[in-house]
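The values are calculated or read from the model by the stated rules, or taken from the named source; none is laboratory data. Bear in mind that the values here come from a model prediction, so they are computed numbers and not experimental data. Here the Cβ positions follow ideal geometry from the backbone for every residue, glycine too, while neighbour counts run over all protein chains shown. We work out accessible area using only protein heavy atoms, side chains counted, and drop any ligands, DNA or RNA first. Shrake-Rupley method; radii C 1.70, N 1.55, O 1.52, S 1.80 Å.
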Amino acid sequence: MYRASRTGVDTSKSSADDSAHPQNEGPEASGPEAAGREASGPEAAGREASGPEAAGREASGPEEAGPERKRGGWRRWAMDTRPLRRPAYRRLWSSTIVTAVGSQLTAVAVPKQIYDITGSSAWVGYASFAGLLPLVVFALWGGAIADSVDRRKLLLITNTGIAVTSLLFWIQAVTGLDSVPVLMVLLALQQAFFGLNSPARQASIARLVPKDELAAANALGSTVMQTGLVAGPLLAGALIPVTGLAELYLIDALALCATVWAVYRLPALPPLATSAATAGRAGLRQIVAGFRYISLHQVLLLSFLADIIAMVFGMPRALFPQLAAQTYAPYGEGLALGLLFAAIPIGAVLGGLMSGTFSRARRHGLMVIAAVIAWGVAITGFGLSPNLWVAVAFLAAAGVADMVSMVFRGAILLSAATDEMRGRMQGVFTVVVAGGPRLADVLHGTAGSALGARTAVVGGGLLVVLTMLVLAATMPALRRYSGSV
């Protein structure tokens, strides 16, 4: 709720493979621009091992030297791990394994502490809103900054800021301050740092792996984040009776040290040569230029619209408490509520673990369309299910569809945008991902009160399917977009 996507994907939200993989930038990858990607001078050498690894671009043995060997048996279905052969990406990805869980400890601790202080769920909601505004503002600004400075340095500063904020959360808890305004200020500060961090982190992935591995890289990052959504709250629930709330904040702060160290080990990520004219500039003009860029590149706009359609019309989480108390009450309200909230992340994790079945697909736009339609169908099935276990199965299927959508929308943003615009595209993406479910909470909560929870869920799922079909039929740019090299 508070920091479900703090570390990016994707995910948390560095580059290293550019000159070896010029297809990442299309025609812009050659000449001085390619040289602009190099980690230059002793600074890069001091962070990396000598030889090929100094640029983070080495191939990992014979597997990368020639054509990829055909995978057989179960390996054709399992997660595509090719991006993990690349040391810089591997460092960034491995750091999210720890922080994906740690961020959820704080995500549980903040609302729990606020409720303990006030005894009011309304204050918990107010705190969530307090974090939304700085996230939106600083994600948009952070995207512009990420396009104008060395992304590694920006990641170092912002990850350190998030870690310090978690430490301040721990200090206020261990001293028994019990101040809701202080918690809301810290939450707003934390979300501001995350807004600055996420665009840089996500935009860097395209300079870590070649274009044909972007979908696989997104699947790896998204799977880790979704695993954190499941494991983090469960671990928090187990630790609170034993350690108390304060220690959850401390564990999160310590976990973030792994992220800071992983970012420190990355090569420099300065703006490319084509961005030199705008280097160091990150004001309103640059933010507006990002929105203008989206308007001129229809496939980017449609990828954002696809997520908005799926989340605003089809995310029914605001109705889970009502459904647990009414429709699924015979199964036990507590059990039903826990299963409903866990089902989508569990489905997404399963989808990620089996991402070898889809991550090599070249028709990225068509995959997004199919995934969003499948999401709508699964949500409709969930709304029609009076049996709890059938309902959970439909939600899990929706989670699989959401994983596929996340993977290919992320790949489109990284491949269809030039490097000097990737930060701003990821900033808008962060806003869409954070804002869509919150708008859905309002829409579904209102519709559920007026029409009934199950009617609202079914109506939302059908609306997703119909709207996406119309969009695909009338706007062919997304349908035709291919991620092939």
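Set the Cα radius of gyration of region 151-276 against 2.2 N^0.38 Å, with N its number of residues, and you get 1.23.
Distance between the pseudo-spin-label points of Leu335 and Ala289 (7 Å out from Cα toward the beta carbon): 5.9 nm.
Using R0 = 41 Å, the C-beta based FRET efficiency linking Gln326 and Arg363 works out to 0.50. Give me the number: length gained by fully extending Leu384 to Ser482, i.e. 0.36 nm times residue separation minus the C-alpha to C-alpha distance, one decimal in nm. Additional length available on full extension: 31.8 nm.
Ordered by solvent-accessible area of protein heavy atoms (1.4 Å probe), largest first, the residues Val407, Val432 come out as Val432, Val407. Per atom type, region 75-204 shows carbon and sulfur on 72% of its accessible surface, probed at 1.4 Å. Checking a compactness column here: for region 379-485, what do you get for Rg(Cα) / (2.2 N^0.38 Å), N being the number of residues? Normalised Cα radius of gyration, region 379-485: 1.28. Three semi-axes describe the equivalent ellipsoid of region 82-135; taken as square roots of 5 times the Cα gyration tensor eigenvalues and ordered largest first, they are 35, 13, 6 Å.
In whole Å and largest first, what semi-axes does the C-alpha gyration tensor of region 120-161 yield when each eigenvalue is scaled by 5 and square-rooted? Spell out each step's value before the answer.
Details: eigenvalues 166, 28, 3 Å².
Result for region 120-161: semi-axes of 29, 12, 4 Å.
Compute the label zone of Leu167 within region 186-200: residues whose backbone N is under 16 Å from the point 7 Å along Cα-to-Cβ. Counting only backbone N, you get 190.
Every pair of different Cα atoms in region 90-211 enters the Kirkwood calculation, which places the hydrodynamic radius at 15.4 Å. Each residue, Thr118 and Gln298, gets one label point 7 Å from its Cα in the Cβ direction; the gap between the two is 4.6 nm.
Got a sec? What order do Arg409, Arg362 fall in by accessible area at 1.4 Å, biggest, i.e. largest, first?
Values: Arg409 10, Arg362 110 Å².
If we order Arg409, Arg362 from most to least accessible, we get Arg362, Arg409.
Annotation: per residue accessible area for region 394-450 equals 25 Å², rounded to a whole number [probe 1.4 Å, protein chains only]. Across the protein chains, with a 1.4 Å probe defining accessible surface, the residues Glu420, Glu333, Glu247 rank Glu333, Glu247, Glu420 from largest area downward. In this simple spin-label model, placing a label point 7 Å from the Cα along the Cα-to-Cβ direction at both Leu132 and Val442 gives a separation of 0.6 nm.
Any idea what the relative contact order of region 152-234 is, in percent, if you count C-alpha pairs under 8 Å spaced at least 6 apart?
Values: 29 pairs, mean separation 28.1, N = 83.
Reported relative contact order: 34 percent.
The Rg/Rh ratio of region 268-410, with both radii computed over alpha carbons and Rh defined as the Kirkwood radius, is 1.13.
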